[in-house]
Amino acid sequence: MSAALAIALSALAMTAIVGLRYLATSGGFAWLTGKLRPGFYDDLKPQIGREIYWSLASAAIYGVPAGIVAWGWANEGWTLIYGDLSAMPLWHFPLSILAYLFAHDTWFFWTHRLMHRPRWFRLAHSVHHASRPPTAWAAMSFHPIEAVTGAVVIPALVFLIPIHIAALAIVLAIMTLMGVTNHMGWEMFPRRVVQGVVGRWLITASHHQRHHDEYRCNYGLYFRFWDRLCGTDKGLGTFEAAAAGARRGGAGAARHEPGAAA
Ligand SMILES: [Zn+2]
Ligand SMILES: [Zn+2]
């Protein structure tokens, strides 16, 4: 088989994996939402259709760099991914997970700020914010331009920071789970966790909900570090607006015109 064909097949396989992972995770939490809060998403069905459409398109985009890098890893010895635990000191395992999350968070924060510049917002990021309120299906609901900025992060990091294959799997699992749960429209963690030390530094649904409600605050992905440093952290939001929006049939979509720069 030619290398080009093998790379194309690898990209296709990665697209399928990312797409199925999205459907399983978002579907799982949407199901859970229906069990715990019957009727919560009932008025949002047209919006959910769009969220799934954009998310599957994003899965195809995520699959390309991931497929290329996976092919190079298997065939050409690319990347700093290692499989032998003794290849690095043990402390490197948790530290690499933190380093990946922090690097991803930093990249996301600054590209997200850029995405809120009026031009980029109109061109791309408005797709993500059309989810009012977001649902568990909105996790990958991005315009293709924004999907590209997200798709390159992990494939680039594996060339820069050594990581054990299991640690990489943990990073991808955290990325997937937080992407879904932060958009779910309700908080799954107990109040004392969200309002305690953990919640002061980690982003959960209560924090990201406020970004979807107010646009010009709470830009972070995993940590509140950059928001706090830049003065854009407005604290935790509430889900009343989301519930009211759901009752109105998600009619809040045209309510905001985010014009000013981030
Ligand atoms: Zn969001
Ligand atoms: Zn945004």
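The values are calculated or read from the model by the stated rules, or taken from the named source; none is laboratory data. Computed from a predicted structure; not experimentally measured. Note that each Cβ is placed from the backbone with ideal geometry, even for glycine, and that neighbours are counted across all protein chains shown.
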Kindly indicate whether HIS207 is surrounded by 21 or more Cβ atoms within 10 Å (Cβ to Cβ), in contact (Cβ under 8 Å) with a residue 24 or more places away in the chain and within 16 Å of ligand 2 (Cβ to nearest atom).
-> yes
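Given the options PRO162, PRO89, PRO155, name the one that is in contact with a strand residue (DSSP E or B) (Cβ under 7 Å, 6 or more places away or on another chain), more than 16 Å from ligand 2 (Cβ to nearest atom) and modelled with pLDDT of 95 or more.
Details: PRO89 fails: in contact with a strand residue (DSSP E or B) (Cβ under 7 Å, 6 or more places away or on another chain); PRO155 fails: in contact with a strand residue (DSSP E or B) (Cβ under 7 Å, 6 or more places away or on another chain).
Unique residue meeting the criteria: PRO162.
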If the Cβ limit is 9 Å and pairs must be 6+ apart or interchain, which residue in region 22-50 that is assigned to a loop (DSSP other than H, G, I, E, B) pairs with which residue that is surrounded by 14 or more Cβ atoms within 10 Å (Cβ to Cβ) and of a type in the set (Val, Ile, Thr)?
-> PHE40/THR33; PHE40/THR135; TYR41/THR33; TYR41/ILE48; TYR41/THR135
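Are any of the residues in region 193-201 buried (at least 20 other Cβ atoms within 10 Å of the Cβ) and either more than 13 Å from ligand 1 (Cβ to nearest atom) or under 20 Å from HIS128 (Cα atoms) (or both)? Spell out the reasoning first.
Taking region 193-201 and keeping what is buried (at least 20 other Cβ atoms within 10 Å of the Cβ), we get 199.
Retained after the next criterion (residues that are either more than 13 Å from ligand 1 (Cβ to nearest atom) or under 20 Å from HIS128 (Cα atoms) (or both)): 199.
Within region 193-201, one or more residues are buried (at least 20 other Cβ atoms within 10 Å of the Cβ) and either more than 13 Å from ligand 1 (Cβ to nearest atom) or under 20 Å from HIS128 (Cα atoms) (or both).
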Given the structure, is VAL180 modelled with pLDDT of 95 or more, more than 22 Å from ILE48 (Cβ to Cβ) and not hydroxyl-bearing (Ser, Thr, Tyr)?
-> no
